[in-house]
Amino acid sequence: MIKVRKAALFGDHAPMTAAVFHLMRTAEIGVRAVARCLGIPDPLKPAGRNWGSILAAVKAEMARRNGVNPPAWSLPDDRQFFDEAHTSLVVGTKPMTPVIVPLIEIASSLRSSQ
């Protein structure tokens, strides 16, 4: 009976792990897209291939564009857009932040109601 309970517990959590994995992969696409829109090349060195490094490069490029007179944005709304995108990605890429936890709770409640 204990093995059945353990198997049920594992089976119950495995789809959640897969869901979080796919959500994080989606966030990774967002990080790369924002960096590329700002003309930041993909990192060549393995040490730079992480979200923290890429988001730091995004923040530095935003500061560079804001630091010139006039600001070096292509469109008037670009500054606000990239600021909001950067903030969302920074919050969304920290492990188990309030962005991920509610998704897990929602998915769990949906699964238990089936």
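Results, tabulated for the structure shown:
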quantity: Hits in the stretch 56-96 - residues which are in a helix (DSSP H, G or I), at pLDDT below 90 and under 18 Å from residue 39 (Cβ atoms); calculated: 85, 86, 89
quantity: Residues being under 15 Å from the mean Cα position of the chain (by Cα) and among the aromatic types (Phe, Trp, Tyr) - total across the stretch 35-84; calculated: 2
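The values are calculated or read from the model by the stated rules, or taken from the named source; none is laboratory data. The shown structure was predicted, so the numbers you read here are calculated from the model rather than taken from an experiment. Neighbour counts run over all protein chains shown; Cβ positions are idealised from the backbone, glycine included.
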